[in-house]
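Written out below as C-alpha cells is the structure these notes cover.
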C-alpha cells in the first residue's frame with residue numbers, strides 16, 4: 001500500500017489556514033507566510049473564564065413546559081433565567097494570542113513549506129536552496145526552530161492586539177494591551193487576562209541557528225515570562241533530544257493508524273493530514289493534555305475566538321472524538337473523559353440537573369461550555385433542553401468499553417456517566433396515553449432560525465433515539481458487571497417510542513408518514529443537524545427493533561430529508577450526512593457528497609472552514625462570504641475529523657449488528673485498499689479491492705465479538721481455515737474470540 005510521506009505547499013502561503021499546523025494536545029502553531037515566515041501561536045488552556053453560567057436557580061422544567069405558547073415560539077425562552085453581567089464581561093472564551101514573524105535575510109525568498117509525517121518536522125526551503133526546520137515537542141509547550149544556514153535575519157512579535165478586530169473585541173471586555181519584552185537574545189509578549197493567568201509567548205535565540213519558542217502561563221505577566229524563559233533555558237541543551245523523542249512519538253503514532261489508498265488522490269492526501277491534525281488536537285501525552293474544542297489548540301490572531309473556541313456538545317466534540325474509535329487511538333479520548341469527570345465540571349452538570357429537575361443523581365450537560373463545564377452561549381431552550389448532548393457523549397464512553405473490554409473503566413467511569421445522563425431523561429418523562437413521553441425538549445437547533453417558530457416540542461425523535469441507545473448500553477453493562485438495572489429502565493424500554501411520527505404530503509401529493517422532528521413538526525425546511533435520523537446515526541438504536549411499517553416510515557423520512565436539500569448545511573453537516581448515507585446502503589452517494597464538500601468547505605491548505613468558499617450550492621451565512629478571507633476565514637476541526645470518519649465508515653462500519661465492508665464505496669472505485677480500519681463495534685478490518693472484486697479481506701477483534709458480515713458487491717468469498725479455502729456466503733456469521741483473525745480471499 002502506497003504511503004503518503006509528505007505534505008508540501010509553495011510560498012506565498014497567503015493566510016493563516018493555508019499553511020501547516022502543529023500541535024501537542026495543548027499548544028498549537030500555524031506555520032504560513034508571504035514575504036516573512038509566520039508562526040501563529042496559542043494554547044488550548046488559555047481562557048477568559050468570566051461570565052460562565054450554569055442553569056440559574058429558579059429555572060425549572062415545569063416552568064419551561066408551562067411557558068410554551070403554540071402561537072409564539074419565543075415564549076418558551078422566558079422560562080430560562082439568565083444572570084446579568086457587567087458590560088465588560090462577555091462569556092467564557094478562548095483568547096487570541098498572536099504570531100511571530102521571522103524576517104528572511106536580504107535577498108532570500110521563501111519557496112517551499114513542507115511537512116514530513118514520520119517525524120513531525122516542518123521544513124522551509126529558501127531561494128538559496130538552504131532549509132530551516134520547525135518542530136513542536138509532543139511533550140512540552142516548546143517549538144524548536146533550527147536555522148543553521150541563517151535564512152532568518154530577525155524576528156518580530158505581532159500580538160493579536162495589533163489587529164483591529166481583536167483589539168476592539170479584547171478592549172471591550174476589559175483586556176489590557178499586551179506587554180512586550182525583549183533582551184539581547186529574545187523577543188516576547190505577554191497577554192494578561194482580567195481574571196485568569198497570563199500567557200507569555202517567547203522566542204529565544206540559543207545560538208548556532210537554534211531558536212526556541214515557549215508558551216507558558218503564569219499568575220501575571222512577569223511570572224509567565226519567567227516560566228517561559230526558564231523552560232527555554234532548561235531545554236536548549238537537549239534540543240536534539242526533543243527532536244529525537246518527538247520523532248519516536250510520531251513513529252509510534254503512525255505504526256497502527258488505519259491506512260487507506262483510494263482511487264482519489266485528494267482524499268488520500270486529505271485523510272493523512274486529518275490523522276496528523278487529530279494527533280495534534282487530542283494527544284494525551286503533553287505536559288498538560290487538554291480536550292479539543294471547536295478549533296483544537298489553534299486560534300486565529302486577527303479576531304476573537306469564534307463561538308468562544310468552546311466545546312459544542314450537540315455534534316462537534318463528538319465528531320472530533322469519534323475518530324479516536326475508528327482509528328484505534330483510544331487513549332486520545334482520555335483528556336476528554338478527564339475534563340468531563342473533573343470536580344468542577346461534574347459539579348456543574350449535577351447543579352444543572354438539580355436546578356432544572358430537582359434530582360441529585362443526574363448529569364445535565366449544556367450544549368456549549370468551557371473547560372470547566374460553564375455555559376459559553378446563552379441559557380435557553382437550545383442549550384438546556386438538548387439532553388442528547390450528554391447522550392452522544394455517553395456513547396463515546398460506551399464504545400470505548402466495547403473496543404477495550406475494560407471492565408474497570410466500564411464500572412467506574414462509563415456506567416456512572418451513562419446512568420447520570422439517563423437519569424435526567426427519567427426525570428423528564430411522563431405517562432401519556434399508555435406511553436412514556438418527553439413533554440418538552442429540542443431537536444438540535446431545529447427552529448432556532450425561524451422567527452416565531454417553535455424551538456422545542458414533545459417527544460423529539462432525536463431524544464427518543466438517545467434514550468434507547470442508553471438503555472441498550474446500560475442493559476448490556478449491567479449484565480457484564482452482574483449488577484441490577486434500575487427498575488424503571490424496563491418500563492422505559494417498552495413504553496418509550498422509537499420515534500415520533502408526522503404525516504405530510506410527498507412530492508406526488510400522496511399522504512405519507514415520516515419520522516417527526518417532534519410531535520406535530522415534520523422536517524419542513526433544510527436543516528443543518530440531521531438529528532431526527534439519530535436512530536440511524538449516531539445512536540444506532542433502530543437495529544432489529546423496527547417493524548415493517550416503521551421501516552417504511554424510515555424510508556419515507558430519508559426521501560424527505562433529501563428533498564429538503566442541503567442549502568443551509570455547513571462544513572460539519574456533510575460528513576455526517578455521508579455517514580448516514582453509507583449506513584443506509586447508498587453506496588454511490590457518499591463519495592459524490594464529499595466531492596462537492598471538498599470544493600465548498602476545504603481551502604487551499606487542506607483546512608476545513610466554517611463558511612462556504614463560494615456561492616451557488618450553500619446559502620449558509622451568504623453575507624459573510626463576501627468578506628475578505630484574510631481576516632474572516634474560520635477554521636474548525638470538527639469537519640476535518642468528521643470527513644476522515646466518513647471515509648472510514650464508507651470502507652467499513654458496523655450498524656444494526658451487521659458489519660458492512662465497502663458499504664459506502666461507489667462502483668466506479670474499482671481499485672482500493674485499506675488496513676486496520678476499526679468499526680465502532682471494535683472490529684479491525686483490512687481489505688483490498690482490485691478490478692472491481694474484493695480480493696482480500698481480514699477481520700479481527702481485540703475482544704470477543706459476534707460478527708455478521710456483508711461485503712458490498714460480493715455474494716461469497718473463500719474463508720481460509722487451517723490453510724484451506726472454504727467458500728462462505730454473505731451474510732456470514734461467526735463468534736470471534738479475543739484476537740482471532742478471519743482471512744477471506746476471492
Order of 321, 271 from fewest to most other C-beta atoms within 10 Å?
-> 271, 321
For the chain, what log10 I(q)/I(0) values come out of the Debye formula at q = 0.06, 0.09, 0.11 1/Å, with one point per alpha carbon and no solvent?
-> -0.36, -0.83, -1.24
All-pairs Cα distance distribution in segment 154-279, expressed in whole percent, bin size 5 Å = 2, 10, 14, 14, 12, 13, 12, 11, 8, 3, 1
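Sort largest first and round to whole Å: the equivalent ellipsoid semi-axes of segment 211-342, each the square root of five times a Cα gyration tensor eigenvalue. Before the final figure, lay out each step's value.
On the way: eigenvalues 162, 93, 46 Å².
Its equivalent ellipsoid spans semi-axes of 28, 22, 15 Å.
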Shape box of segment 449-499 [Cα atoms, principal axes, largest first, Å] | 51, 19, 15
Taking Cα atoms, the helix 343-357 axis meets the longest principal axis of the chain at an angle in degrees (rounded to 10) of 40 degrees
Give me the number: length gained by fully extending residue 226 to residue 621, i.e. 0.36 nm times residue separation minus the C-alpha to C-alpha distance, one decimal in nm.
-> 137.8 nm
Taking R0 as 25 Å and r as the Cβ-Cβ distance between residue 342 and residue 57, the FRET efficiency 1/(1 + (r/R0)^6), rounded to the nearest 0.05, comes to 0.65
Most exposed first, judged by fewest Cβ atoms within 10 angstrom, 509, 365, 436 run 509, 436, 365
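Report the relative contact order of segment 269-646, percent, no decimals, based on alpha-carbon pairs under 8 angstrom and at least 6 residues apart.
Rounded, it is 15 percent for segment 269-646.
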Two decimals is fine: what's Rg over Rh for segment 419-520, C-alpha atoms, Kirkwood radius as Rh?
-> 1.06
Any chance you could check the Cα centroid distance between segment 474-515 and segment 386-460 for me, in angstrom?
-> 12 Å
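Average projected area of the Cα convex hull of segment 105-146, in nm²?
Directional mean of the projected Cα hull area for segment 105-146 stands at 3.4 nm².
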Note: segment 269-646 at 4 °C, 1.567 mPa s; Kirkwood Rh on alpha carbon pairs; Stokes-Einstein D in µm²/s works out to 61 µm²/s
One finds the C-alpha centres of segment 194-262 and segment 644-691 to be spaced, in Å, by 38 Å
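If N is the number of residues in segment 286-350, what value comes out of its Cα radius of gyration divided by 2.2 N^0.38 Å? Before the final figure, lay out each step's value.
On the way: Rg = 13.0 Å, N = 65, 2.2 N^0.38 = 10.7 Å.
Rg over 2.2 N^0.38 Å, computed on Cα atoms: 1.21.
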Could you work out how far helix 265-282 tilts from the main Cα principal axis of the chain, as a 0 to 90 degree angle to the nearest 10?
-> 80 degrees
Relative contact order of the chain, defined on C-alpha pairs under 8 angstrom at six or more residues apart (%) | 12 percent
One would report the Cα pair-distance distribution of segment 653-745, bin width 5 Å, in %, as 3, 14, 27, 28, 19, 8, 2, 0
Please report, in Å, the Rg and the Dmax of segment 190-232, where both are computed over Cα atoms only.
-> 11.1, 40
Proportion of all alpha-carbon pairs of segment 382-478 beyond 17 Å (%) = 53 percent
Please compute P(r) over all alpha-carbon pairs of segment 504-560, binned at 5 Å starting from zero, and give each bin as a whole-number percent.
-> 4, 17, 29, 27, 15, 7, 1
Got the relative contact order for segment 213-319 handy, in percent, Cα pairs under 8 Å and 6 or more residues apart?
-> 12 percent
For segment 281-397, using Cα atoms only, the Rg and Dmax in Å read 14.2, 44
Cα-based Rg and Dmax for segment 314-368, in Å, come out at 13.4, 40
Find the centroid of the Cα atoms in segment 108-173 and in segment 339-368, then give the distance between the two in whole Å.
-> 41 Å
Round to the nearest 10 and give me the degree value, 0 to 90, for the angle of helix 415-428's Cα axis relative to the longest principal axis of the chain.
-> 60 degrees
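Here, each number is a calculation from the coordinates, and none is a lab measurement. Computed from a predicted model, the values in this text were never measured in an experiment. When we count neighbours, we look across all protein chains shown, and the Cβ atoms used for this are built from the backbone with ideal geometry, even at glycine.
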